[in-house]
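Enquirer: Mind looking over this structure? Questions follow.
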Amino acid sequence: MTRGAKVLLATAIVLAFSQGTSVAADLLKLAIGQRGLWDSAIAEVGMGAGIFQRHGLDLQVVYTSGGGETQQAVISGSVDIGVSPGMLGVLSVYAKGAPVRVIAGEATGTAEYYFVQANSPVQKDFKGVTPAMTLAYSTNGSGTHITALRFMKDYSFQAKLVATGNVPATFTSVMSGQVDIGFSTPPFGLEAAERGTIRIVALANDLESIRTQTVRVTIANANDLAKRRDVYDRFLRAYRETIDWMYADPKAIDAFAKYASISSAMAQTVRDRFYPKAMLQLDEVKGLDEMMQDAIAFKYIPQALTPQQANELLQLPGKRR
């Protein structure tokens, strides 16, 4: 090969690497309960802001009707990550041998509220509830299922629990008279409350067992997590960066408003009134011992996890620093 040909070949190689190639982003499939909420928006809003892409990630998001469906999608391997299943439900499926791991907290406390039609006999703090009345939750093992059980236990009343699916379906069930007491999460239902169409009878954070515990978590399929640990570490770094951005940049309010199809003013109210940033801490599952006792009482698990089992289940960023 002549010297000129070698120069041309070298130039072609340099151009190929500098212009014609790029490293493919790692794909993660996410199942997220309840589209349209502040904390369910993090993945899509972060992608829209280019944050996950900067960490070499591509996210595919599907939405479920609640934590139970989210868990099952992760267990089956149809998705890699599940966002916001209830911790008690995760304890239950893990104790039965399901391949799930908790990779981060999701909600310590919750923004949920419980409501009735304006003319309902049910009053604040569930006064007036009778055993014949129905109380909604989304799906078995979900955070709303756990909250409903805790309200009945702590407020000493009985009602028939009914799985109603996602927030819009639950609202329809209450307003059509199929269910007496529903749950919702801002921004859903706030305008109806302002108009007087519904009355809010309780906030989930009224319960200390909700307010002080990490009631929802982020989970991963254990098999894929073991194979692609670095990918999940990058996901959590990008997720944390997105949360920081959503509380620091006014553009995030507009991005959420567009995502949730609400006004920017309502988006600001949802974040500032119902979602303090501390709620979305990722590094620990707070109140685990108390949650295991509730899980036993509500028959989610037969006995508390051993320390070895807890260490296997909890693959949190704070534990691995």
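The values are calculated or read from the model by the stated rules, or taken from the named source; none is laboratory data. Just so you know, these numbers come straight off a predicted model, no measurement behind them. Ideal geometry is used to build each Cβ from the backbone, glycine not excepted, and the neighbour counts take in all protein chains shown. Areas reflect the complete protein model, heavy atoms only, side chains present, ligands, DNA and RNA absent. Shrake-Rupley method; radii C 1.70, N 1.55, O 1.52, S 1.80 Å.
Enquirer: Could you go through the stretch 96-115 and let me know if any residue there is over 21 Å from the mean Cα position of the chain (by Cα) and among the aliphatic types (A, V, I, L, M).
Expert: No, that holds for no residue.
Enquirer: Next question, about the same structure. For ALA304, only one of the following conditions fails: (1) in a helix (DSSP H, G or I); (2) surrounded by fewer than 20 Cβ atoms within 10 Å (Cβ to Cβ); (3) not charged (D, E, K, R). What is its number?
Expert: Condition (1) is where ALA304 drops out.
Enquirer: Could you list all residues from the stretch 252-294 that are free of Cβ contacts under 8 Å to residues at least 24 places away in the same chain and closer than 22 Å to VAL61 by Cβ?
Expert: ILE253, ASP254, ALA257, LYS258
Enquirer: Can I ask one more? I'd like to verify a number: residues in the stretch 251-267 that are buried (at least 16 other Cβ atoms within 10 Å of the Cβ) and part of a helix (DSSP H, G or I), how many?
Expert: 9
Enquirer: Looking at (1) of a type in the set (Lys, Arg); (2) closer than 24 Å to ARG150 by Cα; (3) more than 19 Å from the chain's Cα centre (by Cα), which is the only condition LYS286 fails?
Expert: (3)
Enquirer: Regarding the stretch 8-20, can at least one residue be identified that is farther than 22 Å from PHE274 by Cβ, aliphatic (A, V, I, L, M) and modelled with pLDDT of 95 or more? Give the steps one after another, and end with the answer.
Expert: Filtering the stretch 8-20 for residues farther than 22 Å from PHE274 by Cβ gives 8-20.
With the extra rule that they be aliphatic (A, V, I, L, M), the set shrinks to 8-10, 12-16.
Applying the additional criterion that residues be modelled with pLDDT of 95 or more yields none.
No; the residues of the stretch 8-20 include none that is farther than 22 Å from PHE274 by Cβ, aliphatic (A, V, I, L, M) and modelled with pLDDT of 95 or more.
Enquirer: Now for a different question. Report yes if some residue within the stretch 158-181 is aromatic (Phe, Trp, Tyr) and over 19 Å from the mean Cα position of the chain (by Cα); otherwise report no.
Expert: Checked against the condition, which is being aromatic (Phe, Trp, Tyr) and over 19 Å from the mean Cα position of the chain (by Cα), the stretch 158-181 yields at least one hit.
Enquirer: A further question follows. Quickly run through the stretch 119-129 and pick out the residues that are assigned to a loop (DSSP other than H, G, I, E, B) and either among the charged types (D, E, K, R) or in contact (Cβ under 8 Å) with a residue 24 or more places away in the chain (or both).
Expert: Those that are assigned to a loop (DSSP other than H, G, I, E, B) and either among the charged types (D, E, K, R) or in contact (Cβ under 8 Å) with a residue 24 or more places away in the chain (or both): SER120, VAL122, GLN123, LYS127, VAL129.
Enquirer: Within the stretch 254-283, track down each residue that is closer than 19 Å to GLY50 by Cα and more than 19 Å from the chain's Cα centre (by Cα).
Expert: ASP254, LYS258
Enquirer: Further question on the same structure: Would you check which residues across the stretch 269-321 are touching an Asp or Glu at 6+ places or on another chain (Cβ under 7 Å) and under 20 Å from ALA204 (Cα atoms) and list them?
Expert: TYR275, LEU280
Enquirer: List the helices (runs of 4 or more DSSP H) that sit entirely inside the stretch 138-250 and contain at least 2 residues that are among the polar types (S, T, N, Q), open to solvent by less than 10 Å² (accessible area, probe 1.4 Å) and under 23 Å from GLY89 (Cα atoms).
Expert: Filter on the stretch 138-250 gives 143-155.
So that you can scan it fast, the table gives a plain yes or no per residue for (1) more than 25 Å from ALA25 (Cβ to Cβ); (2) small (Gly, Ala, Ser); (3) in contact with an Asp or Glu (Cβ under 6 Å, 6 or more places away or on another chain):
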position	(1), (2), (3)
ALA204	yes, yes, yes
SER209	yes, yes, no
THR218	no, no, yes
ALA226	no, yes, no
ALA252	no, yes, no
